Amino acid sequence: MKVALCNGKIVRAAGCRLDGPFICPECGQALSLMHGKRKHAYFAHTHDGDSHCHGETKLHQQGKSQMMKWAKAHGWHPQMEVFLPNVKQRPDLLIQVDQKPFVLEYQCSPLGLERLIERNHGYRSLHLPYCWFLGPRYRCRLHDSKVAQFTQWHQGQPVLPFWDLDNSRPEFQFNYLRVPFVQNINANKRIKYIRQTLALQEMMVMRTDKRWRSVHDQCYLQHHLMSACPLVAHPTKPQWPVVQGGELNWRIRCLLLFDLIPLGQAAPVVCWKNIFAKRAHWLPTPCLSVDNTLDLRSRIIDQLIQDLIDEKILQSDGEMLVFAEAPKWFIDADRKLKYIKTTPFL
């Protein structure tokens, strides 16, 4: 369990420095804060007999109650758990914004991708716009796939909407931009290149991730070392996670294409975009419209194309892009790292 009540307030196990007492928000029994060398911090029931409690119901009820009051204060005439017979669904709240119905969901417990797609499809079939607010359990570090699953659109940007139980209000989080294998997305290019190169070396040794195994094997077939990939393969600009395996994985696969394309090949920009898009295994974004999904995908494709132009691999010729210079692969990772560490302009 990742959350508990302490003196009437919700606290998260991650980073918790309180001494307690900790209470289960579901059954009211005592909890203990557990730490381990391998596991992240978590709350556990003091008595084994309570191990079947999931600790979500009270949080869910509390969130819905707060959302109800918030919607009333805005004059949106909220109704709780209205049954929609055509799709056999009960949204947490159905509100009226400018006399148009709108669905609000508060998600505390785990929700699989297929079930989320099914729920959203039901609302869309009724032409009901919706927003999914996430509960405390989703505030831990989320995998890229889970971020993409609940990504929504707010003020022209991708966000994860949360419901802030402490302050009884919505909270839109924009801070899920990622740079592969780099925790500090504001680090300089040199640090990003080094950490990503070291990660590629580890992937080559471990070979536990099939997505990286396939890239490694393709590099080998084309007489390259994956960890010695060109610097232009390294993403340094933070991007919202939309690619399975991450942006670095996708960029390397895109650069391998240039071994198969003759120098001087020219094509419209849209053709290059389609070529690179087909190299990606896109993460599902079921809470986004088609247009917003394409917008997110275009951002990383456009950034790759701009980086290729900056490195003179592609050259602009009116509405055409010309393959002007082959990407420069390094002989091995050690020489690449030495170059990164000693080149002053990075």
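The values are calculated or read from the model by the stated rules, or taken from the named source; none is laboratory data. All figures in this text were calculated on a predicted structure; none of them were measured in a lab. Here the Cβ is made from the backbone with ideal geometry for all residues, glycine too, and neighbour counts use every protein chain on show. In case anyone asks, the SASA skips ligands and DNA or RNA and just uses the protein heavy atoms, side chains included. Shrake-Rupley method; radii C 1.70, N 1.55, O 1.52, S 1.80 Å.
Listed values, structure above:
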read-out: Output for region 294-308, where each listed residue is within 26 Å of HIS223 (Cβ to Cβ) and either in contact with a Leu (Cβ under 8 Å, 6 or more places away or on another chain) or open to solvent by 20 Å² or more (accessible area, probe 1.4 Å) (or both); value: ILE305, ASP307, LEU308
read-out: Tally of residues being part of a loop (DSSP other than H, G, I, E, B) and of a type outside the set (A, V, I, L, M) across region 208-251; value: 17
read-out: From the options GLU114, GLU118, residue that is closer than 26 Å to ARG139 by Cβ, surrounded by 12 or more Cβ atoms within 10 Å (Cβ to Cβ) and either of a type in the set (S, T, N, Q) or under 21 Å from the mean Cα position of the chain (by Cα) (or both); value: GLU118
read-out: Unmet requirement for ALA326, which otherwise passes all of (1) over 30 Å from ARG119 (Cβ atoms); (2) in a helix (DSSP H, G or I); (3) out of contact with any Pro (no Cβ under 6 Å at 6 or more places or on another chain); (4) aliphatic (A, V, I, L, M); value: (2)
read-out: Any hit, region 165-182, residues being more than 30 Å from LYS72 (Cα to Cα), at pLDDT below 95 and open to solvent by 20 Å² or more (accessible area, probe 1.4 Å); value: no
read-out: Pair list, Cβ under 8 Å, 6 or more apart: region 160-178 residue within 14 Å of TYR138 (Cα to Cα), other residue open to solvent by 20 Å² or more (accessible area, probe 1.4 Å) and among the hydroxyl-bearing types (Ser, Thr, Tyr); value: LEU160/TYR176
read-out: Residues (in contact with a strand residue (DSSP E or B) (Cβ under 8 Å, 6 or more places away or on another chain) and outside any loop (DSSP other than H, G, I, E, B)) located in region 1-29; value: VAL3, ALA4, LEU5, CYS6, ILE10, VAL11, ARG12, PHE22, ILE23
read-out: Restricting region 37-65 to residues that are among the small types (Gly, Ala, Ser) and at pLDDT 65 or above, the residue that is least open to solvent (accessible area, probe 1.4 Å); value: GLY63
read-out: Near pairs, Cβ below 7 angstrom, 6+ apart or cross-chain, from region 73-91 (farther than 9 Å from GLY122 by Cβ) to any residue that is basic (Lys, Arg); value: PRO78/LYS72; MET80/LYS64; GLU81/ARG90; VAL82/ARG90; PHE83/ARG90
